[in-house]
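The values are calculated or read from the model by the stated rules, or taken from the named source; none is laboratory data. Note that this is a predicted model, so its numbers are computed, not measured. Here the Cβ positions follow ideal geometry from the backbone for every residue, glycine too, while neighbour counts run over all protein chains shown.
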Amino acid sequence: MFTQRRGDAEEKIIINMKKHIVLLCAILMTSVNLFAQTISLEQVRVLALTNSRSLAIANLSVQSSALGEKSQLYTMLPKVAADYKASTSYLNKERNSDLHFQNMADTFGADVNLRVTQKIFDGGKMFLEKDLAAIATESARKGATKEFFAVLDSADNAFYAVLEAAATLEAEESSLETSLASLSIAEIRQSNGMINQGDYLKALADKESRENSRNQARRNLALNISKLKTLTGLNDIPPPEQIDFSGYEELILHLGNISDEDADTLYERFWKILVIANPTLASASLRSQSAAKNLSIEKRNYLPEINASVFSTSLGYTRANGFGTTAGGGFSLTGTIPLDFWVMSNKIDQKKIALDSAALGYLESESQLELELQSALLTCFANAGSVLSSLRSLEYTEKHFEFVFERYRLSQSSISDLNEASTLLINSRNSLTRSRYGFLQSLSKLRSLGAIDDERRLLDILTGNLIP
């Protein structure tokens, strides 16, 4: 049952990968119009998938494995071969006479022999080798699927990093504007003797500090834009489209306040998906299957191998007789029985070790995947909770800042009070920004672990609207 569901999921992913390629062609044809003002997350994903050399290599590996599987199928068919020979001589020795030269054309002759060979018994090794080739192809597909989602993760993270850096820069610029306004008021008051030199210097120091933070935010944004350019292969990146977080409000509220019991249920729900669809775990399972079949092949080397051959001379030519067919043919059976049992026993022991190693590798992959799933879900819960608390904190700090700034304007609060309120405000803004994009990144991680290419399906699983 799981094998069938895994195959269906894999087929769906391959189909969607093809859809991405088709979509890419449309995007590339109209890229000038599409990228005139903004670039969307979906466009970044498609460009990243096409620009990824690692994904291209993985897809080539799938094609190569498929050809290898077809070659293995051909080895089960009869082998047809033709032998040909042509000869002539320029010296001849007649009976009781010396060698003498002669016309080479007179002694020219040629013939062609056709041979057909079919392996009729090898202990079933041909079928096992065919299964091995199929496993290799499936393993290559799993590798391509894993790389596909890794590229999507990179695209999402790069896109979110640019948006987060832009939001941080906006907050830093707003904070700097507040600091400049505060400094202007401090300069007037200092010139009128309303504040001492120390308070004025505090205003100057705060302005310089916030200007430095603004400059660092600018450099961070430029760096993330450069990373996005490299990922997509574009020379110029239009401003990314803003994320509409209103579509995630219900999910954030649900996950931010999730109970331990519901969290355990969600973990079990996701684990069922991972057992079926996770590429890494599937690859480990395929390695175990491959090791088992290799061991079975090695054990069957104790059995004899029997081949049947049909051969005949189909056409010949000589100078004297011209063309003619040779009415010959035959049928033969050849068998091989190995006697070096100590060599085969040693190879079987090696294959057993490989099988044990593959089994341990699967258990290790399973254990690592469990840890990754727990970490991804806990990170998702933590970011969702942080979004909720940051929203409340931002609401309080904005009101607090407005209150302190008004008191500062009326000379009822000091420079230190205003700086403290301004710092609380920008920290709250940046905390909300980090939490929101951290939450989106955790969704991307869960998507990759479950090889879920439909975001709506992922959200339904997280909210409990879809039970796998």
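Of all residues in the range 438-465, count the ones that are of a type in the set (Asp, Glu) and buried (at least 20 other Cβ atoms within 10 Å of the Cβ). Spell out how you get there, then give the answer.
Quick first cut of the range 438-465, residues of a type in the set (Asp, Glu) only: 453-455, 460.
Next, only the ones that are buried (at least 20 other Cβ atoms within 10 Å of the Cβ) stay: 453.
Residues that pass the stated criteria total 1.
For (1) free of Cβ contacts under 8 Å to residues at least 60 places away in the same chain; (2) out of contact with any Asp or Glu (no Cβ under 7 Å at 6 or more places or on another chain), each residue gets a yes or a no:
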| position | (1), (2) |
| --- | --- |
| Ala421 | yes, yes |
| Phe439 | no, yes |
| Ser444 | no, no |
| Leu449 | no, no |
| Ile452 | no, yes |
| Arg457 | yes, yes |
Is it true that some residue in the range 242-257 is of a type in the set (Ser, Thr, Tyr) and loosely packed, with under 14 Cβ neighbours inside 10 Å?
yes
Output for the range 423-437, where each listed residue is crowded, with 20+ Cβ neighbours inside 10 Å and either within 25 Å of Lys272 (Cα to Cα) or without any contact (Cβ under 8 Å) to a residue 40 or more places away in the chain (or both)
Ser428
Go through the range 363-387 and report how many residues are of a type outside the set (A, V, I, L, M, F, W, C), surrounded by 18 or more Cβ atoms within 10 Å (Cβ to Cβ) and closer than 17 Å to Leu458 by Cβ.
1
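State all residues of the range 406-422 that are buried (at least 19 other Cβ atoms within 10 Å of the Cβ) and of a type outside the set (A, V, I, L, M, F, W, C); if no residue qualifies, say none. Lay out the reasoning, then the answer.
Step one: filter the range 406-422 for residues buried (at least 19 other Cβ atoms within 10 Å of the Cβ), giving 408, 415, 418-419, 421-422.
Within the range 406-422, Tyr408, Asn419, Ser422 qualify.
Suppose we keep only residues that are out of contact with any Leu (no Cβ under 7 Å at 6 or more places or on another chain) and surrounded by 15 or more Cβ atoms within 10 Å (Cβ to Cβ) within the range 349-362. Which one would you say is nearest to Glu298 (Cα to Cα)? Walk me through how you get there before you give the answer.
Narrowing the range 349-362 to residues out of contact with any Leu (no Cβ under 7 Å at 6 or more places or on another chain): 349-350, 353-354, 356-362.
Add one more test, that the residue is surrounded by 15 or more Cβ atoms within 10 Å (Cβ to Cβ), and what stays is 354, 358-359, 361-362.
Values: Ala354: 12, Ala358: 17, Ala359: 18, Gly361: 21, Tyr362: 22 Å.
So the residue we want is Ala354.
Here is a list: Asn224, Asn257. Which entry is among the polar types (S, T, N, Q) and either closer than 30 Å to Asn419 by Cβ or without any contact (Cβ under 8 Å) to a residue 24 or more places away in the chain (or both)?
Details: Asn257 fails: either closer than 30 Å to Asn419 by Cβ or without any contact (Cβ under 8 Å) to a residue 24 or more places away in the chain (or both).
The unique qualifying residue is Asn224.
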Show me the helices (runs of 4 or more DSSP H) entirely contained within the range 194-287 in which 3 or more residues are at pLDDT below 90.
197-232
